[in-house]
Amino acid sequence: MVNYIWVGMTVIGIVFALFNGTIEDVNRAVFDGAKEAVTLCIGLISVLVFWLGMMRIAEESGLLEKLAKLFRPLVKILFPDVPVQHPAMGYMLSNMISNMFGLGNAATPLGIKAMEELKKLNGGKNSASRSMVTFLAINTASITIIPTTVIAIRMTYHSTSPTEIVVPTIIATILSAIGAVLIDRYFYYRRSRKG
């Protein structure tokens, strides 16, 4: 459906530009945008490759496993109906740690695997379980310590201090994660009282 919306918007824009006499401006914007996109992608790739390499080193050295053990008690509180040794727990922890380091692209497959495992725990039902809703809320508002994508974008556009975004990002994402958990719990307990 979204594809149809984008195609429709593009066609309407081009037809409007034809009737309005601004097709040259549209052509220029298309090619400038494509050039800008390539430049941005190359900047993002370099930073993401670096941090993915660092994550691989952390994984091989056992640092990720230590971080997972450190966060396991907190995750157990957030997801009481997921057994500690279940594969979903490992995928959720890996997803959260990847998001902490700003590696959303690396975290996405882990989040999908976590949801698949949570669906198995839910008996394969098509409705979301408590843990699935909580994981989605936390994943969406995840705490980020190193916002690699934003730093890469700021570096691409020659920011004088691309890393000055780190502290505001940490504060904002901690507050958003706390808010997500509180809202999730509020609606869970509200629904529990009605049921």
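Shown in residue order for segment 140-149 are the 3J(HN,Hα) couplings computed by the Karplus curve 6.51 cos²θ - 1.76 cosθ + 1.60 at θ = phi - 60°: 5, 10, 5, 5, 10, 8, 10, x, 4, 5 Hz (x for Gly and Pro).
Among the protein heavy atoms of the chain, carbon and sulfur supply 70% of the accessible surface, probe 1.4 Å, non-protein parts ignored. Per residue, the chain exposes 65 Å² of solvent-accessible protein surface, assessed with a 1.4 angstrom probe and all protein chains in place. Taking all Cα pairs closer than 8 Å and separated by 6 or more residues, the relative contact order of the chain comes to 19 percent. Summarising the overall dimensions of segment 1-79 from its C-alpha atoms, the Rg and Dmax are 23.0, 63 angstrom.
Estimated from helices alone, the mean residue ellipticity of the chain at 222 nm is -27000 deg cm²/dmol (sum of -39500 (n - 2.57) over DSSP H runs with n ≥ 4, per residue). Close Lys pairs in the chain, defined as Cα atoms under 19 Å apart and 8 or more places apart or on different chains, number 5.
Counted over the chain with a bin width of 10 Å, the fraction of Cα pairs per bin, in whole percents, is 8, 25, 27, 22, 13, 5, 0.
Scattering from segment 69-171 was approximated by placing one identical point on each alpha carbon and applying the Debye formula without solvent; log10 I(q)/I(0) at 0.12, 0.14, 0.15, 0.24 1/Å stands at -0.45, -0.58, -0.64, -1.23. Taking every alpha-carbon pair under 8 Å whose residues sit at least 6 apart, segment 83-152 reaches a relative contact order of 40 percent. Go ahead and collect, in residue order, the members of segment 30-67 whose backbone nitrogen is under 18 Å from a label point 7 Å along the Cα-Cβ direction of LEU18. In segment 30-67, the label zone of LEU18 (backbone N under 18 Å from the point 7 Å along Cα→Cβ) covers 30.
Per-residue 3J(HN,Hα) values for segment 166-175, derived from phi via the Karplus relation 6.51 cos²θ - 1.76 cosθ + 1.60 with θ = phi - 60°, read 4, 5, x, 5, 4, 5, 5, 6, 5, 5 Hz in sequence order (x marks Gly and Pro).
The values are calculated or read from the model by the stated rules, or taken from the named source; none is laboratory data. Note that the structure is a prediction, hence the values are computed from the model and not measured. Because the Cβ atoms are built from the backbone with ideal geometry, glycine has one as well, and the counts that use them run over all protein chains shown. What goes into the accessible areas is simple: the full protein's heavy atoms, side chains included, and nothing from ligands, DNA or RNA. Shrake-Rupley method; radii C 1.70, N 1.55, O 1.52, S 1.80 Å.
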